[in-house]
1. Under a GNM of the chain (C-alpha, springs under 10 Å), which listed residue has the highest mean-square fluctuation: 211, 180, 105?
2. With unit charges on the beta carbons (Lys and Arg positive, Asp and Glu negative) and the dipole taken about the Cα centre of the chain, which residue among 212, 63, 113 sits farthest to the positive side?
3. Please list 128, 225, 101 from largest to smallest accessible area, probe radius 1.4 Å, with all protein chains kept in place.
4. Roll a 1.4 Å probe over the protein heavy atoms and report the accessible area of residue 167 in Å², nearest 10.
5. Please work out the Kirkwood hydrodynamic radius for the chain, using every pair of different C-alpha atoms, and report it in angstroms with one decimal place.
6. Considering the zone a paramagnetic label at residue 302 would reach in this model (a point 7 Å from Cα along the Cα-to-Cβ line), which residues of region 23-45 have amide N under 20 Å from it?
7. When the chain is treated as a GNM, springs tying every alpha-carbon pair under 10 Å, which of 301, 312, 282 comes out with the largest mean-square fluctuation?
8. Nearest 500 deg cm²/dmol is fine: what mean residue ellipticity at 222 nm does the chain get from its DSSP H runs of n ≥ 4 alone, each adding -39,500 (n - 2.57), divided by its residue count?
Amino acid sequence: MSDITLSARQLSPSAKAALGVFARYGTVIGLAAMIAAFSILSPDAFPTVNNFVNVLNQTSLAMIIAGGLTLAVIVGELDLSIGYAASLHGVLVTGLIVQTKLPVPLAIVVVLMLGAVIGIVNGLIVTKLRVNSVIATLGVGTIIVGLSFAYSAGVPIAAGVPDEFLDLALGRWLFGVPNPIIVMALVLGALWALVERTSIGQEIQAVGGNPSAARLAGINVDRIKIIGFVISGVCAALTGILLASRLGSGTASAADSYLLSAFAAVFLGSATLRDGEFHVFGTFVGALIIAFGFNGLNIFGAPTFSQYMFQGAILIVAVGLSSLGRMLAET
């Protein structure tokens, strides 16, 4: 047992209760306080419907890739290939449409299937070869970077992208709401229902909670872990597709930065309403905190370096809150 857990047991009941409230509700309180502060400081620009819709639209892709990552983390693994994979998928879908002349729907299906294949490869390396998921997915991600540059020669694929594909991310097909917001809501809603309301979701949570106990209970642990990686891979593919549609081009490193924001959202989410447990709704809240933080910094004209500092600090705080929640749950 760790010294930190022992120290937690020595706390008074009132101090432990206060820490418990902070660990469970600190992120929600922080989000509310951030929105309130920015609204007061910039009443004409920040607290508007247009701005909130813009925030959701801008962060929708990050939420999708973070939602997929959440499934991999719930089963007890990490997927460091998602950002690189999303970049590859963006390049590939654009190339299939522009260069290979595949119909847009078929190109999208092919790329989503590739995302599943990458997830299977990650899962097999981790479960069958027993390679640590950090090493396995980082290695696969590095290979993906090479494939992305090999396919595109490092040159963005932009000329000849059809409007049908651009409308995927830039259109507003339902009630004037940007399409990425609708896709994000559908994806996160489906992932939440899968984890919280289905038998396979119970198996996913059981494997993440205690793989040995899950195996003794008759759960195929390796299969569940592979499923987690597959979902993560498909969400990365969907993110890459939408990003290429938004940018109007396929660029070899366009989605690499989503890795850090996804992990920050997932770990912030584990400190939301639960004692250090990873869950889809929490990831959504974590992504909102990052998105509104960036939005506020942009409105107030903060320099670019401050955004990187903010995101790094958020990641540290997220892991700290997650660890605190798990520590208190064990005492």
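The values are calculated or read from the model by the stated rules, or taken from the named source; none is laboratory data. Predicted model only: the values in this text are computed from it and were never measured. With ideal geometry, Cβ positions are generated from the backbone for all residues, glycine too; neighbour counts draw on all protein chains shown. The area values use the complete protein model at the heavy-atom level, side chains included, leaving out ligands, DNA and RNA. Shrake-Rupley method; radii C 1.70, N 1.55, O 1.52, S 1.80 Å.
1. 105
2. Final value for the positive-end residue is 212.
3. Per-residue accessible area, sorted high to low, gives 101, 128, 225.
4. About 70 Å², rounded to the nearest 10.
5. 20.6
6. 26-45
7. Comparing 301, 312, 282 in the GNM, the peak value goes to 301.
8. -26000 deg cm²/dmol
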